[in-house]
Amino acid sequence: MKPRLGPAAAMGAWSARHRRTAVFGWLLFVVLAAALGGAHGSTKITEAEQVPGQVSRAARILDEAGLKKPAAETVLVQSAALAADDPEFRTAVDQVIAAVDGTGRVAEVRSPYDSGAVSADGHSALVVLTLEGDPDKAVDHVQSVLDAVAGVQRQHPGLTVAQLGDASSGKWMQDQLKTDFARAEWTAVPLALGILLVAFGALVAAVLPVLLALTAFVAAGGLVALGSGFLHTSGDAGSVMLLVGLAVGVDYCLFYLRREREERAAGRDAATALAVAAATSGRAVLVSGVTVVVAMAGMFLTGIATFKAMAFATIVVVVTAVLGSLTVLPALLSMLGDRVEKGRVPFLAKLRRPDAGQDGGRFWNAVLTPVLRRPLAATVLATAFLLALAAPLATMHTAKLTFQQQLPAGNSLVAASQKIEAAFPGSPAPATVVIRAADIDSPAMTAAIADLRAKALAGGRMHGPVEVAVHPDRNVAVVDIPLNGTGNDATSNDALKSLREDLLPATVLKVPGTEAPVTGQTAASYDFNRKMTGSMPLVFGFVVVFAFLLMLTSFRSPVVAVTAVVLNLLSVGAAYGVLTLVFQHGMGASLLGTAGVGAVESWVPLFLFVILFGLSMDYHVFVVSRIKEARDRGLSNRAAVAHGIRSTAGVVTSAAVIMVGVFSVFGSLSMQVMKQMGVGLAVAVLIDATVIRAVLLPSVMTLLGDRNWYLPRWLNRLPDLSHGGSVPPPAADGDPHARPAGPEQGTPRHRAGV
């Protein structure tokens, strides 16, 4: 009977038979997805969607009332020598007012001499202005105002004239993200190409994975834009999609192509080599893709719009990359045959031997030999090393980073913010109380708002100026109360809790029929952290249980499943520790062109956990499948472990180097969150591919012996997802490692590895 093919093998066989259909179908899919997505455009997450709670409620009240807070900008005029009442100082202030007003983009300008926005030492003053038009589009119109302020600065080199606000900082971030993305693409792609060139020694083989990864990313971008009509997207989602899409897209193709080349080197004909690659590495790609998709789906459990957007974007790009690897790649390999080795680089080609994938090379042999000789010592030392790296995790503080923390040190906006903060102490962004009442102009409400203002100034945790805007026709009032602290530290959080839990219940909320949610930068960070912290056990539990079940059904061994989960937890913990040490405490941060900012971005730890569990299963299934294959052929447990590690060392190393390289490129970008995400992923993958796969996995499996493969009788009814169909043996004269077929070879027990 002809053996039943698994889904990956079936897709590969179909593509090999219908090569033109597969290739042109893929190109048509990419073009259509990109064109339709571009025509549709992306719908971004609104403030009302961001985080369930008071921040979203406040945004909805303002939206329903037709109120939008205008885009406000602040211009600092400062001098170390001149006081604010000095004629030259006044002239500079007047010129700022005239210049910004002359742009035609400003709705209102307030002089510091009218508003009282002069510092206590008398050497700093703030010109406050609001931009006209839709505040959501202020970023597109703020450049003329920035140019006007820069012109005044040039006229007064002895003074500091600097602009700061949501629109100006938003424009800088928007422009910088475009620059960073372009740099990431132009750096990561050649880097991946160079690594693949070293891995294969041939230009065509190196180019294929990069081209497929890029086309998968382009198609996924279009699909995400189309999907944003029902699930809104975000800028972070686009960053994550590029980061993950490029890494997994190249890696998946690498696994497939590397196995096909190994099978050809072992003496199989082209068709059989492609079939084996489809049944083995194709299966690994499919399992890895499913794992990443299901793990990322866990982020939907948070209920946070940003996480949903990132999860959706990642799922789409991973599914697209898997689809490309399982369809168009085998079709291209079938077309090219051995011409995939065209463009061989002489020096690199000589470094590669036909059986390079079989013994792991000198380096990994040097690592593995002492590990297998003394597995207990290796286990203890490696575990202690990972626990030491994870130790800083105990001090991790997460927060939604302010733009001052996001931007690189020395940035002009950061410098302006620091000068304003020094001259006018207090949180740079106030807490905003949005009050909706049955009658906002009633005597009771008027008295309550006055009482709120008085108690806020008297409590010591907030400060002036407290600004009140009443909208009688909409029965809404907006009260801005500056908080002490930096905006996302413990001082600001304590002030926010006092406002919400003490001041508001004692004042405006005493008036029947009133609601008063608090929003603002501090409130958004606090609510985001609370929501995320509350959902983390659910997400972590979902991902861990799924990973355990995947390994249990793939290898029919609870011991292998538990081992995989524990090793992954150690890897993630170590990455968390490094992240905390570098970005929170600043140790080694200067090497990355940044400084410690006192916190880790709120969503980064959860994202790292989910994506790393998905990606690490990629390597784990790949390696343990080879070990299981050798064990099923009758090798002893120790010999099977040695064979599995050595035979996969080359491809795991290449895949890991590509991922670390791509992630490290993102770690070199300007934005703090990009650095944290890139470095966290790079460190975790590096640890996973070295300490975990080369030391801990073989040492633990050697210590466990035959207990690795123990399956309790009551678990025999589990579905069997292990390894797929059998693999025909290569020609004996084509494979220096071929063995005579024993009673187990060719039987159902001889399963295909990856």
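The values are calculated or read from the model by the stated rules, or taken from the named source; none is laboratory data. The model shown is predicted, which means the values in this text are computed figures rather than measured ones. Every residue, glycine among them, receives a Cβ derived from its backbone with ideal geometry; neighbour counts consider all protein chains shown. Surface areas here come from the heavy atoms of the whole protein model, side chains and all, with no ligands, DNA or RNA. Shrake-Rupley method; radii C 1.70, N 1.55, O 1.52, S 1.80 Å.
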Residue in the stretch 439-447 that is modelled with pLDDT under 90 and farther than 19 Å from residue 163 by Cβ present: no
Residue pairs meeting the criteria (Cβ under 7 Å; at least 6 apart or on separate chains; first buried (at least 24 other Cβ atoms within 10 Å of the Cβ), in the stretch 304-321; second of a type in the set (Lys, Arg)): 304/531
Where residue 620 falls short, out of the listed (1) in contact with a strand residue (DSSP E or B) (Cβ under 9 Å, 6 or more places away or on another chain); (2) over 30 Å from residue 524 (Cβ atoms): (1)
Filter result (open to solvent by 60 Å² or more (accessible area, probe 1.4 Å), modelled with pLDDT of 90 or more, assigned to a helix (DSSP H, G or I) and farther than 14 Å from residue 161 by Cα) within the stretch 61-91: 87
Sole residue being in contact with an Asp or Glu (Cβ under 8 Å, 6 or more places away or on another chain), polar (S, T, N, Q) and within 27 Å of residue 60 (Cα to Cα), chosen from 553, 514, 507: 507
Residue in the stretch 45-53 that is surrounded by 17 or more Cβ atoms within 10 Å (Cβ to Cβ) and at pLDDT 90 or above present: no
Condition broken by residue 8, with the remaining ones in (1) under 22 Å from residue 138 (Cβ atoms); (2) surrounded by 18 or more Cβ atoms within 10 Å (Cβ to Cβ); (3) at pLDDT below 85 satisfied: (1)
Any hit, the stretch 500-511, residues being of a type in the set (D, E, K, R), crowded, with 18+ Cβ neighbours inside 10 Å and farther than 27 Å from residue 305 by Cα: no
Which numbered condition residue 493 misses (of (1) free of Cβ contacts under 8 Å to residues at least 40 places away in the same chain; (2) open to solvent by less than 10 Å² (accessible area, probe 1.4 Å); (3) not in a loop (DSSP other than H, G, I, E, B)): (2)
Residues of the stretch 129-170 classified as aliphatic (A, V, I, L, M) and in contact with a Phe, Trp or Tyr (Cβ under 8 Å, 6 or more places away or on another chain), total: 1
Single residue of the stretch 217-239 satisfying the filter (modelled with pLDDT of 80 or more and under 13 Å from the mean Cα position of the chain (by Cα)) that is nearest to residue 679 (Cα to Cα): 237
Failed item, numbered, when residue 31 is tested on (1) open to solvent by less than 80 Å² (accessible area, probe 1.4 Å); (2) modelled with pLDDT of 90 or more: (1)
One residue from 448, 388, 438, 429 being open to solvent by less than 30 Å² (accessible area, probe 1.4 Å) and farther than 30 Å from residue 670 by Cβ: 448
Scope the stretch 391-426; condition of a type in the set (A, V, I, L, M, F, W, C), open to solvent by less than 50 Å² (accessible area, probe 1.4 Å) and in contact with a helix residue (DSSP H, G or I) (Cβ under 8 Å, 6 or more places away or on another chain); matching residues: 396, 399, 401, 403, 407, 413, 414
First in the stretch 561-587 and open to solvent by less than 10 Å² (accessible area, probe 1.4 Å), second anywhere and assigned to a loop (DSSP other than H, G, I, E, B) and at pLDDT below 95, Cβ under 6 Å, 6 or more apart: 580/396
Residues within the stretch 261-297 that are open to solvent by 10 Å² or more (accessible area, probe 1.4 Å) and either more than 22 Å from residue 209 (Cα to Cα) or not in a helix (DSSP H, G or I) (or both), tallied: 6
Options 654, 636, 664; residue that is over 23 Å from residue 307 (Cα atoms), surrounded by fewer than 23 Cβ atoms within 10 Å (Cβ to Cβ), free of Cβ contacts under 8 Å to residues at least 60 places away in the same chain and among the polar types (S, T, N, Q): 636
Residues that are closer than 18 Å to residue 163 by Cα and exposed (fewer than 14 other Cβ atoms within 10 Å of the Cβ), drawn from the stretch 92-114: 98, 102, 104, 107, 108
Those residues of the stretch 583-619 which are of a type in the set (A, V, I, L, M) and either within 28 Å of residue 288 (Cβ to Cβ) or in contact with a Cys (Cβ under 9 Å, 6 or more places away or on another chain) (or both), in sequence order: 600, 604, 606, 608, 610, 611, 612, 615, 617
Criterion (within 17 Å of residue 668 (Cα to Cα), surrounded by fewer than 20 Cβ atoms within 10 Å (Cβ to Cβ) and small (Gly, Ala, Ser)) met by exactly one of 596, 534: 596
Residue count for the stretch 136-175, restricted to those that are in contact (Cβ under 8 Å) with a residue 40 or more places away in the chain, open to solvent by less than 40 Å² (accessible area, probe 1.4 Å) and either among the charged types (D, E, K, R) or in a helix (DSSP H, G or I) (or both): 9
Residue identified as open to solvent by 20 Å² or more (accessible area, probe 1.4 Å) and part of a helix (DSSP H, G or I) among 646, 626: 646
Subset of the stretch 471-490 that is surrounded by fewer than 24 Cβ atoms within 10 Å (Cβ to Cβ) and among the polar types (S, T, N, Q) - its residue that is farthest from residue 447 (Cα to Cα): 486
Selection within the stretch 491-512 - over 20 Å from residue 445 (Cβ atoms) and not polar (S, T, N, Q): 494, 495, 496, 497, 501
Where residue 300 falls short, out of the listed (1) in contact (Cβ under 8 Å) with a residue 12 or more places away in the chain; (2) in a helix (DSSP H, G or I): (1)
Which listed residue, of 211, 223, is free of Cβ contacts under 8 Å to residues at least 24 places away in the same chain, assigned to a helix (DSSP H, G or I) and within 30 Å of residue 308 (Cα to Cα): 211
